[in-house]
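Contents: one structure, followed by commentary.
The values are calculated or read from the model by the stated rules, or taken from the named source; none is laboratory data. Since the structure is predicted, the reported quantities are computational estimates derived from the model, not experimental observations. Note: ideal-geometry Cβ built from the backbone for every residue, glycine included; neighbour counts use all protein chains shown. Side chains are part of the model used for accessible areas, which takes the heavy atoms of the whole protein and leaves out ligands, DNA and RNA. Shrake-Rupley method; radii C 1.70, N 1.55, O 1.52, S 1.80 Å.
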Amino acid sequence: MRSITLLRNVYRPLVLRSVRQLSVTYGNPESLSPKVKQFIDEKAALCKPAAIHICDGSDSEAQMLADVLIKSGTWKKLPKYENCYLARTDPRDVARVESKTLICTPEQREAIPTPAPGVQGTLGKWQDPDSMMESLNERFNGCMEGRTMYVMPFSMGPVGSPLSKIGIQLTDSPYTVSSMRVMTRMGSNVAQALGDQDFIKCLHSVGYPLSNGRSDVPWPCNPEQTVITHFPENNEIISFGSGYGGNSLLGKKCFALRLGSILAKKEGWLAEHMLILGITNPAGVKKYIAAAFPSACGKTNLAMMRPSLPGWKVECVGDDIAWMRFDDNGVLRAINPENGFFGVAPGTSYATNPQAMETIKKNTVFTNVAETSDGGVFWEGLEDEMDLSQVSVTSWLGQENWTKESGKPSSHPNSRFCTPSGQCPVIDPAWEDPAGVPISALLFGGRRPSTIPLVLEANSWNHGVYLGAAMRSEATAAAEHGGKVIMHDPFAMRPFFGYNFGDYIKHWLSFGEKDNLKLPQIFHVNWFRKQDGKFIWPGFGENSRVLEWIFDRTDNAENGHVTPVGILPKPGSINTEGLSPVDMDTLFSINKEEWLAECDAVQKYFNEQIPHDTPAQLQQELDNLRSKLKHENMEANLG
Ligand code: GTP
Ligand code: SPV
Ligand code: MN
């Protein structure tokens with residue numbers, strides 16, 4: 001397969017202009033390697049921008065971009081805070097679009113599992129690279145007319161860490177540039193660190209050329225033509241039509257997870273949709289935990305939680321993505337490849353996530369939240385912390401004098417803040433350690449209103465891999481899925497796998513077969529069990545009680561007992577001191593019929609979605625679970 005600009009002759013009549021001859025309005029092309037220059041030349045010839053801006057990552061550049069964004073009406077300054085802005089998107093461009101996210105490999109089987117006959121596959125979408133390139137060429141031809149093409153050298157992970165990787169993103173969206181500057185390490189120092197090495201090629205356009213005098217709009221986008229594509233063979237990501245989140249910040253889900261997972265498989269490490277936190281007990285012993293929850297299921301909250309348990313401390317390494325590799329001593333070490341938080345706004349408050357509230361006071365861009373008449377922001381969850389009697393609220397859709405009585409939310413459920421990690425009051429001292437932090441425990445979890453207890457531990461590595469593969473969770477607003485349907489979301493990676501899920505499970509299982517590794521213990525948590533429509537567990541800072549149990553498990557404490565579903569806390573071993581009464585019996589109840597139904601659902605999922613690719617060990621775990629549930633005396637086991 002050839003690269004996008006070489007495939008068709010759409011631009012061949014053009015004299016291939018060199019970047020030096022194009023109108024470079026900012027930055028120094030000579031600071032870039034020949035490979036980078038060639039990449040820019042090719043794409044500029046196709047996209048035909050009016051100007052090129054080579055980003056240096058400086059403060060003055062950021063200020064210049066802010067001015068551009070305010071002038072175009074994309075951003076509005078929020079005078080209540082320091083250097084904060086509000087963006088409102090086109091209401092059609094508000095979340096990741098999984099239905100238009102494609103992995104393009106020569107063989108379909110590399111990218112996605114082949115489902116059973118007559119079944120719609122849900123583990124990613126594939127398209128053949130040549131036909132995709134062709135339709136991308138049509139989309140990108142002249143797509144940047146009248147706009148500036150920004151060139152961003154960026155590093156996922158601390159610049160220079162052996163675990164880090166570098167990309168170059170070209171985009172016509174200054175909003176994306178401002179966000180990437182927060183979310184990644186971006187600028188001249190990265191171009192310098194790259195030298196003449198290869199890089200991940202990222203091309204992004206909002207798909208709204210300003211040709212023939214067409215005037216701009218505050219949020220240009222092209223929903224009909226949106227497509228987010230990945231070409232693992234070329235190390236290339238090409239995204240068109242959306243300016244929002246993971247669709248446009250190509251370092252995040254596209255690079256750090258989809259291409260990242262492929263590189264990880266090849267190179268023997270793991271790229272996961274996981275937060276990383278450091279936790280210190282009252283005796284001063286510190287451990288690190290990584291946790292995979294699906295989008296909008298609590299990673300940011302857990303990553304920077306304020307423990308309710310006295311004497312405990314949680315510090316944040318990352319809130320969304322973990323790159324992890326076993327070191328020479330067999331210890332799993334994790335880095336956060338990101339540099340900022342792109343966090344869900346609704347639900348964030350001093351009551352739930354005080355550290356996030358402190359983080360977002362300055363240098364933050366809020367997107368699709370409501371605005372208050374005193375130049376601040378508002379969203380669902382802040383009702384008890386903001387006095388709305390003194391101000392009026394304008395909703396994310398621009399509706400003035402918004403009130404709750406309108407029956408509509410003030411903010412989009414997937415509205416977000418984009419803020420530098422370094423500002424978090426509990427950022428971990430080792431968060432930029434190039435060697436990564438040592439991981440003692442891995443957590444899986446999701447929104448499960450029934451069946452699944454607050455916490456359980458896997459019996460073994462393979463059982464833990466089963467727990468990841470069998471994950472299910474209620475749908476959220478982070479993508480285009482509607483309703484509260486319980487979806488399978490294995491490893492919280494369903495929208496982010498870069499390659500066949502069956503091969504991904506085999507990769508996870510392979511670590512259990514090596515005998516020199518200090519494998520982290522694996523747990524499953526569920527903060528979201530309900531009774532009478534209400535959450536049973538208070539969650540947030542109270543989750544420290546569960547982390548304490550997990551922490552002690554990794555010290556071989558005698559605080560668990562083996563049951564058919566895994567290791568559960570011994571009665572009384574979760575510290576409930578000072579907690580308002582919680583129905584712990586219901587929270588931990590294991591209902592045999594519900595669990596057998598769960599086994600059926602997981603079996604059906606494996607049969608339908610990975611009929612050819614279910615590893616035998618995974619099937620074995622499911623069979624074991626079912627036979628234990630059937631044959632063992634549940635009452636005796638569950639005490
Ligand atoms: P992405 O950024 O989409 O990957 O999401 P995330 O996993 O980081 O989720 P986040 O922490 O932003 O939480 C999403 C929503 O879940 C917010 O509205 C939170 O208030 C809510 N939430 C988080 N933790 C808890 C909890 O322990 N209990 C309850 N009930 N809700 C929670
Ligand atoms: C998620 O959806 O898991 C996010 C937001 O973290 S986005 O960057 O849009 O992927
Ligand atoms: Mn996420």
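Using alpha carbon centroids, what distance separates region 496-544 and region 607-632, in Å? Distance between centres, Cα-based: 17 Å.
Stretched out fully, how many nm does the piece from L517 to E358 gain, at 0.36 nm a residue minus the Cα gap? Walk me through the numbers before you get to the answer.
On the way: separation 159, 0.36 × 159 = 57.24 nm, distance 3.87 nm.
This chain segment gains 53.4 nm when fully extended.
With coordinates expressed along the principal axes, the C-alpha atoms belonging to region 477-597 extend over 46, 44, 31 Å, beginning with the largest.
Classification of region 214-285 by its C-alpha gyration tensor yields an oblate form. The axis ratio a/c (a ≥ b ≥ c) is 1.5 or more, and b/c is at least a/b. Within region 384-427, all pairs of alpha-carbon atoms sorted by distance into 5 Å bins from zero give the percentages 5, 17, 20, 19, 14, 11, 10, 3.
Accessible area per residue was computed with a 1.4 Å probe on protein heavy atoms; S589 scores about 40 Å².
Here the label points at S308 and E593, each 7 Å from Cα along the C-beta direction, are separated by 3.2 nm in the simple model. When you filter the GluC sites (Glu not before Pro) in region 519-613 for DSSP loop state and at most 11 other Cβ atoms inside 10 Å of their Cβ, you are left with E558, E577. In order along region 502-515, the Karplus-derived 3J(HN,Hα) couplings, from 6.51 cos²θ - 1.76 cosθ + 1.60 at θ = phi - 60°, round to x, 5, 4, 4, 4, 4, 4, 4, 4, 5, x, 8, 8, 9 Hz, and Gly and Pro are given as x.
List the GluC sites (Glu not before Pro) within region 467-521 that DSSP assigns to loop and that have no more than 15 neighbouring Cβ atoms inside 10 Å.
Working: sites: E474, E480, E513; in loops: E480.
Sites meeting the loop and neighbour criteria: E480.
At 222 nm, what helix-only mean residue ellipticity would the chain give, in deg cm²/dmol to the nearest 500, using -39500 (n - 2.57) for each DSSP H run of four or more? Before the final figure, lay out the partial values.
On the way: 18 runs with 163 residues, N = 639.
Mean residue ellipticity at 222 nm (helix-derived): -7000 deg cm²/dmol.
Shape class of region 433-483 from the alpha-carbon gyration tensor: oblate, with a/c at 1.5 or above and b/c at least as large as a/b. Phi angles of region 358-375 translate, via the Karplus equation with coefficients 6.51, -1.76, 1.60 and θ = phi - 60°, into HN-Hα couplings of 5, 5, 8, 5, 9, 6, 10, 10, 9, 10, 6, 9, 8, 10, 9, 5, 9, x Hz per residue; Gly and Pro are given as x. Set the Cα radius of gyration of region 239-324 against 2.2 N^0.38 Å, with N its number of residues, and you get 1.29.
Counting DSSP beta bridges in the chain, what percent are antiparallel, to the nearest 5? If we restrict to bridges inside the chain, about 65 percent are antiparallel.
How fast does region 344-449 diffuse by Stokes-Einstein, in µm²/s, taking the Kirkwood radius from C-alpha pairs at 37 °C and 0.692 mPa s? Spell out each step's value before the answer.
Numbers: Rh = 15.8 Å.
Taking Rh from Cα pairs, D becomes 208 µm²/s.
Projected onto their three principal axes, the Cα atoms of region 422-509 cover extents of 39, 32, 30 Å, largest first. Contact order normalised by length for the chain, with contacts defined as Cα pairs under 8 Å and 6 or more residues apart; what percent is it? It rounds to 14 percent for the chain. As a calculated quantity, the FRET efficiency between S23 and S373 at R0 = 51 Å, using C-beta atoms, amounts to about 0.75. Taking all C-alpha pairs of region 327-392, those more than 18 Å from each other amount to 49 percent.
Based only on the alpha carbon positions, what is the Kirkwood hydrodynamic radius of region 281-375, in angstrom? Numbers along the way, then the final one.
Values: mean 1/r = 0.0647 Å⁻¹.
The Cα-based Kirkwood calculation yields 15.5 Å.
Each 10 Å bin, from zero up to the one with the longest distance, holds this percent of the alpha carbon pairs of the chain: 3, 16, 27, 27, 18, 8, 2, 0. Take every Cα pair under 8 Å in region 134-189 that's 6+ residues apart, average their separations, divide by the length, and report that relative contact order as a whole percent. Taking the mean separation of contacting Cα pairs over the length of region 134-189, I get 36 percent.
How much net charge surrounds P158 when only other residues with a Cβ under 9 Å from its Cβ are counted (Lys, Arg +1; Asp, Glu -1)? Net charge in that neighbourhood comes out at -1.
Using the Cβ of D613 as centre and a radius below 9 Å, the other residues enclosed give a net charge of +1, where K and R count +1 and D and E count -1. Pairs of Cα atoms nearer than 8 Å and 6+ residues apart set the relative contact order; for region 47-105 it is 16 percent. Here r is the Cβ-Cβ distance between L210 and A616 and R0 is 51 Å; the resulting FRET efficiency, rounded to 0.05, is 0.35.
Taking 25 Å as the limit for the C-alpha separation, the pairs K534/K592; K253/K287; K266/K299; K48/K201; K100/K534 exceed it in the case of K253/K287; K266/K299; K100/K534.
What order do you get for 192-198, 245-251 when each peptide is scored by the mean count of other beta carbon atoms within 10 Å, highest first?
Details: 192-198: 12.1, 245-251: 28.1.
Ranking, from highest mean packing down: 245-251, 192-198.
Excluding same-chain neighbours fewer than eight residues apart, the aspartates and glutamates reachable from K43 by a Cα-Cα span under 12 Å are D172.
In this structure the chain gives 37 Å² per residue of accessible area when probed at 1.4 Å with all protein chains present.
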